[in-house]
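Note sheet for the following structure.
The values are calculated or read from the model by the stated rules, or taken from the named source; none is laboratory data. Bear in mind that the values here come from a model prediction, so they are computed numbers and not experimental data. So basically every Cβ, Gly included, is an ideal-geometry build from the backbone, and we count neighbours across all protein chains shown. Quick note on the areas: whole protein, heavy atoms, side chains included, nothing else; ligands and nucleic acids left out. Shrake-Rupley method; radii C 1.70, N 1.55, O 1.52, S 1.80 Å.
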Amino acid sequence: MTDGSDFVDRTVMFPPRVLVIEDDKDVSALLERHFHERGCPVAVAYSGEEGLRLAFADPPDIAVVDVLLLGIDGREVVRRLREDKRTRGCRLVVSSVLGPEDLIGLADEVLAKPFRQSAVARLVDSYRNSLSQESHESQEE
C-alpha cells in the first residue's frame with residue numbers, strides 16, 4: 001500500500017481516444033469539436049460499417065454511436081463492439097433523438113440529441129474519473 005504520493009493520473013497524460021460513428025456530418029463535426037476541446041483525439045466514421053472497421057483496427061477508449069445509422073444501425077454496431085474482444089472494454093455511448101427509456105441497456109451511457117457541450121464534457125470527465133479511480137485503487141493494493 002502506498003501513501004498516494006506517487007500516484008500519477010494517467011488520464012491527464014493520455015486523454016481518451018474517441019471514435020464518433022455518426023452519419024450526419026454537421027453533428028459529427030460538432031461532436032469532434034467538443035471532444036477536441038476536452039483534449040481528446042477523435043476519429044470519425046460516417047457509417048456503421050466504417051465505424052466497425054476503424055474500431056477493430058484501432059480500438060477507441062470511447063465510442064459514440066448514433067442509433068439511427070443507415071445500413072448497419074447503431075444497435076447492431078454496439079452489439080458487435082460488445083462481442084468483439086478488441087473493443088469489449090471501450091465505453092459505449094449511444095447518441096439519439098429517441099428517448100432514453102428506448103435505449104435502456106443498449107450502451108454504457110446515452111447522449112441525447114440535441115446535446116450541449118457540457119454533456120460531452122461530462123462524458124469525458126466520467127471516463128477520466130472511472131480510470132483515475134481504478135488506477136488509484138490498484139496503487140493501494
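Some points to look at:
- Positions within the range 25-52 being of a type in the set (Gly, Ala, Ser), closer than 19 Å to ARG75 by Cβ and in contact (Cβ under 8 Å) with a residue 24 or more places away in the chain, in sequence order: ALA45, SER47, GLY48, GLY51
- The set of residues from the range 29-46 being of a type in the set (A, V, I, L, M) and outside any helix (DSSP H, G or I) comprises VAL42, ALA43, VAL44, ALA45.
- Going through (1) touching a Phe, Trp or Tyr at 6+ places or on another chain (Cβ under 9 Å); (2) surrounded by 15 or more Cβ atoms within 10 Å (Cβ to Cβ); (3) assigned to a loop (DSSP other than H, G, I, E, B) one by one, VAL64 falls short only on (3).
- Across the range 98-141, the qualifying residues are those that are farther than 22 Å from ARG80 by Cα, assigned to a loop (DSSP other than H, G, I, E, B) and at pLDDT 75 or above, and the one among them that is farthest from the chain's Cα centre (by Cα) is GLY99.
- Residue satisfying all of: in the range 47-61; open to solvent by 30 Å² or more (accessible area, probe 1.4 Å) and either in contact with a helix residue (DSSP H, G or I) (Cβ under 7 Å, 6 or more places away or on another chain) or not in a loop (DSSP other than H, G, I, E, B) (or both); nearest to ALA121 (Cα to Cα) among these: ASP61
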